[in-house]
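The values are calculated or read from the model by the stated rules, or taken from the named source; none is laboratory data. Bear in mind the structure is a predicted one, so any value in this text is a computation, not a measurement. In this analysis, Cβ positions are derived from the backbone assuming ideal geometry, glycine residues included, and neighbour counts consider all displayed protein chains.
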Amino acid sequence: MTPESPFTPKPSFPPAEPVRAKRASAAALAAVLLVGVVTGLWGIRWGLPGRARLRAFPESLRLDPQASQRFAESWEKLYQEIRRAHSEMHSEEPVTYVKGVEEFSPGWNFPPGNLVNSYRALLLQSENPDEKKSFIILSQMRPWRLEFKPLYVQYGGSFIYPLGAFVKAASWLGGFAVVPDIRHYLTHPEDMGSAYLCGRLFMLVFQLGSLWVLYDLGRRLAGWRAGLCAALFFALSPIVAVNSHIIKPHCYAAFWCLAAARYALLALTKGGWREYLLCGLCLGVAMGANFTFLAFTSILPWLWWWRWKSGAAAPEEIRRAAAALIAAAAVCLLLNPYLLLSYRDFAWEMAYARRSGWSLANMATVLSELFNGMGPAVSMLSLLGLAAAFRAGQAKRFLALLFVGTFFILWMVLAQFSGGFVTMSRYYYPCVGLACLIAAIGITEPWPRAAKIAVLSLALADGGLRCVTHLENMRLGSGPRSTRFEAAAWIDSHIPPGASVGLTRYPQPAHTPPFRYDLYRLMVFESPGHLAPGREPEYIVVDEESRPILQEWGKGRYVEFRAFRPLSLGWARVLDSSFYANAGIYVYKRL
């Protein structure tokens, strides 16, 4: 009798389902996608540029064509200097931040100095400081001339080109006007807001794709209930609620990483060329969008090793894994052709971060960030599920290996750079998806029914409350009840014109309320320590991120005069100072 192959599909990867189970599975998938749509659209308009920000402009500058021309000219000059800095491989781009202390007297007719950049940003940028990069890259391309060279490659071509196509298609459907002249958006900021909105809808499409992949993997590994839990855990994680509402490549690339994991698990049981190659193609798109996700190509060596250890023919498995790796590299390079055609233009950008190093401290920081980003209940469930997976069948054990292996390799890559890369939990976005899947599989272990219901209820309640807190802050951040607009209205009505107002950075949508900067003596300083004794401003306006520095320096000098805080629900709080939607704004007054 022929012994059973180790790759024969096991019950954990069921080949067929009864009709009743299929109906339940379809209903569960529909519920998952509905949750994804609701959470994706909730607060999707947060922090968009629009006419409401014109309140910060002197009346003579509001949508004035001549002022728009001057703003456009300064914008073009800035990016000429940036392109020159790239070509000459300078260590730093043109400075658009304050060094030392800079003062601006009230009563000007056109923004002086770098306030030009600040006022232009009010009309062109969302409240997330990184979202603008996608549109900066697209704005430097000229498709009608077949000029597709990006200004930056941090956001890879496999993300930027589809995003540009999606935005263009939305404009054809009447969503807004795509105009190559920036002056149009300076006089029609609502169109710039619509462009951001289209980009966020693009992100929503791939967020829904990730939910489907997690559902399908959970269903295959442990039944439709596990698939439902995996997708819900992911959709309700605070880190997912935040990043799925931001136009950045992490959420997009995570879909392709999770799809690659799906094909790897299928290859585990089938061992065919098709699954290997599809895994490689998905990995190529993922790392072509976010180069740090090169770490996830380790999936293919893990797959080869696992099948070889289980008795598969080594030469054939090596050929399949090698072909998949070649396919991944080819896709990545084809979608980023300028890395080959003109690498010198991007050399500075590819090596800008200072080397750091591995340590237990930064590993602990990463785990803490992910613990907060997923919520404590789901995080603990994922640890329990991981322990159970290593004792389960081959597919579950392989999934546990993928999670541990890819997480560790990604951490080793990111830990080599300073500048906050280690603590940026969004870089671990695909690992969050795998952790949620492992947590859901853990729920299906043979526990007492009452314990399962209690643990699942706790995880969904905790995750749901944290998710709703972030989404509701996004919703509030899209209207007049946002902390920024409330703070701006309060400043204009309570701080007398001509008073000195301090800012820790040039005014930007991310961290400064849009009050009338021209009415006050603005003092912009790099650090409070740069302020000369006796020259401190009467008031200082800061956001949540700058507040700790001011609190330490300002003891005995300033008192918190007015606070505009984000919404909190029960025990749920917003993630940290990097959550820009409806961020806290604080006004300090000199004693």
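How do the pairs read when you match residues in the range 301-319 that are in the same structural domain as ALA264 (by TED's automatic domain parsing) and modelled with pLDDT under 80 with residues anywhere that are surrounded by 14 or more Cβ atoms within 10 Å (Cβ to Cβ) and of a type in the set (A, V, I, L, M, F, W, C), using Cβ under 7 Å and keeping only pairs 6 or more apart or on different chains?
Here the result reads ALA314/TRP308, each pair linking the range 301-319 to a residue that is surrounded by 14 or more Cβ atoms within 10 Å (Cβ to Cβ) and of a type in the set (A, V, I, L, M, F, W, C).
Would you check if there is a residue in the range 290-300 being of a type in the set (Val, Ile, Thr), modelled with pLDDT under 90 and on the phi < 0 side of the Ramachandran plot?
yes
This table checks each residue for (1) in a helix (DSSP H, G or I); (2) more than 20 Å from the chain's Cα centre (by Cα).
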position	(1), (2)
PHE371	yes, no
ARG391	no, yes
LYS396	yes, yes
LEU399	yes, yes
CYS436	yes, no
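So GLY209 passes all but one of these: (1) closer than 25 Å to LEU265 by Cα; (2) of a type in the set (Gly, Ala, Ser); (3) in contact (Cβ under 8 Å) with a residue 60 or more places away in the chain. Which condition number does it fail?
Every listed condition holds for GLY209 apart from (3).
Out of the range 296-339, which residues are in contact with a Ser or Thr (Cβ under 7 Å, 6 or more places away or on another chain) and surrounded by fewer than 24 Cβ atoms within 10 Å (Cβ to Cβ)?
SER298, LEU325, LEU335
From the list VAL501, VAL455, VAL468, VAL422, exactly one residue is in the same structural domain as ARG397 (by TED's automatic domain parsing) and modelled with pLDDT of 95 or more. Which is it?
VAL468
Just to verify a result, which residue in the range 565-586, among those that are farther than 15 Å from ASN128 by Cβ and charged (D, E, K, R), is surrounded by the fewest Cβ atoms within 10 Å (Cβ to Cβ)?
ARG565
Do we have any residue at all in the range 81-101 that's over 28 Å from the mean Cα position of the chain (by Cα), in a strand (DSSP E or B) and not assigned by TED's automatic domain parsing to the domain that holds CYS251?
Yes; the residues of the range 81-101 include at least one that is over 28 Å from the mean Cα position of the chain (by Cα), in a strand (DSSP E or B) and not assigned by TED's automatic domain parsing to the domain that holds CYS251.
Limited to the range 121-147, what total is found for residues that are without any contact (Cβ under 8 Å) to a residue 24 or more places away in the chain and assigned to a loop (DSSP other than H, G, I, E, B)?
Within the range 121-147, residues that are without any contact (Cβ under 8 Å) to a residue 24 or more places away in the chain and assigned to a loop (DSSP other than H, G, I, E, B) number 2.
Quick one: would you say VAL178 is over 25 Å from TYR580 (Cα atoms) and part of a helix (DSSP H, G or I)?
Spelling it out, it is not the case that VAL178 is over 25 Å from TYR580 (Cα atoms) and part of a helix (DSSP H, G or I).
Please enumerate the residues belonging to the range 32-74 that are within 22 Å of THR512 (Cα to Cα) and not in a helix (DSSP H, G or I).
Once the filter is applied, which keeps residues that are within 22 Å of THR512 (Cα to Cα) and not in a helix (DSSP H, G or I), the range 32-74 yields GLY43, ILE44, ARG45, TRP46, GLY47, LEU48, PRO49, GLY50, PHE57, PRO58, ARG62, LEU63.
Among the residues of the range 401-415, is there at least one that is touching a residue at least 40 places away in the same chain (Cβ under 8 Å), under 24 Å from the mean Cα position of the chain (by Cα) and outside any helix (DSSP H, G or I)?
So far as the range 401-415 goes, yes, one or more of its residues are touching a residue at least 40 places away in the same chain (Cβ under 8 Å), under 24 Å from the mean Cα position of the chain (by Cα) and outside any helix (DSSP H, G or I).
Please go through the range 469-491 and give me each residue that is surrounded by fewer than 20 Cβ atoms within 10 Å (Cβ to Cβ), over 20 Å from GLY50 (Cβ atoms) and within 23 Å of the chain's Cα centre (by Cα), ordered by number.
GLU472, the sole residue that qualifies.
If I filter the range 432-463 down to residues being surrounded by fewer than 18 Cβ atoms within 10 Å (Cβ to Cβ) and of a type in the set (Gly, Ala, Ser), which single residue comes out as farthest from ARG573 (Cα to Cα)?
Out of the qualifying residues, it is ALA450.
Go through LEU236, LEU186 for me and flag whichever is hydrophobic (A, V, I, L, M, F, W, C) and not assigned by TED's automatic domain parsing to the domain that holds ALA395.
Of LEU236, LEU186, the one residue that is hydrophobic (A, V, I, L, M, F, W, C) and not assigned by TED's automatic domain parsing to the domain that holds ALA395 is LEU186.
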